[in-house]
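Asker: This is the structure, below, for whatever I ask next.
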Amino acid sequence: MDALSEEDFVIPPPKYEYLDHTADVQLHAWGNTIEEAFEQCAMAMFGYMTDLERVQITQVHYVEAEGHDIESLLFHFLDELLFMFSAEPFIVAKKVKITKFDRENFKITAMALGEEFTIGKHTQNAEVKAITYSAMQILDGTESQRPQVFVIVDI
């Protein structure tokens, strides 16, 4: 190896930058109850990944999630459902029904009704890579407003 010259140690000025890139989508869901808003948010996530009209209910999967507050509960609930879709046998839910919603201990038990995702039968829309806490909002509802949730997912 040749000896390094003094010039080799001179670092040129940077000629690059980092540009923000949009790689996420915000899910906005609502319902008559906060439970329904959570269920609808899960449906929004599955609906973003595939056309739910093509999904049949042939299987039921049970998921459980818990958190330390309402935001982490929603995060873990969606994350469990995303894992169900991302791991074999790749279950896509047409309907998500919360069977137990413990607001004091932040625990959810739910049923995901759907079928195994099959390329050809089901459309491959955007892949949801992760749930995020970014700009997450959970509005429990008031007399003038229905319960609603906002969640940004990485695609």
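Asker: If packing is taken as the average count of other Cβ atoms within 10 Å, what order do 101-114, 136-149 fall into, highest mean first?
Answerer: 101-114, 136-149
Asker: What are the extents of the Cα atoms of the stretch 91-155 along their three principal axes, listed from largest to smallest and rounded to whole Å?
Answerer: Largest first, the stretch 91-155 extends 45, 27, 24 Å along its Cα principal axes.
Asker: Shifting gears a bit: Which of the aspartates and glutamates could be linked to residue 94 by a straight reach, that is with a Cα gap under 14 Å, when you skip same-chain ones fewer than 8 residues away?
Answerer: By straight Cα distance, residue 94 reaches 39, 51, 53, 115, 116.
Asker: So, in Å, what gap is there between the alpha-carbon centers of the stretch 47-103 and the stretch 138-155?
Answerer: 17 Å
Asker: Okay, moving on. On a 0 to 90° scale, report how tilted helix 70-86 is relative to the longest principal axis of the chain, with both axes built from alpha carbons and the result rounded to the nearest 10.
Answerer: Computed tilt is about 80 degrees.
Asker: May I pose another question? Would you calculate a helix-derived [θ] at 222 nm for the chain, using -39,500 (n - 2.57) for each DSSP H run of n ≥ 4 and dividing by the full residue count, to the nearest 500?
Answerer: -7000 deg cm²/dmol
Asker: Helix 34-49 against the longest principal axis of the chain: what's the angle in degrees, Cα atoms only, rounded to the nearest 10?
Answerer: So the inclination is approximately 50 degrees.
Asker: Which of the lysines could a cross-linker span from residue 97 if the Cα-Cα distance has to be under 30 Å and same-chain partners fewer than 8 positions apart are dropped?
Answerer: Straight-line reach from residue 97, under 30 Å: 107, 121, 129.
Asker: Restricting attention to the alpha-carbon atoms of the chain, what are Rg (one decimal) and Dmax (integer), both in Å?
Answerer: Cα radius of gyration and Dmax of the chain are 21.3, 78 Å respectively.
Asker: If you take every DSSP beta bridge whose two residues both sit in the stretch 40-155, what share of them, in percent to the nearest 5, is antiparallel?
Answerer: 95 percent
Every number here is computed from the coordinates shown, using simple stated rules; none is lab data. Quick caveat: nothing in here was measured; it's all calculated off a predicted structure. Methodologically, a virtual Cβ is constructed for each residue, glycine included, from the backbone with ideal geometry; neighbour enumeration extends over all protein chains shown.
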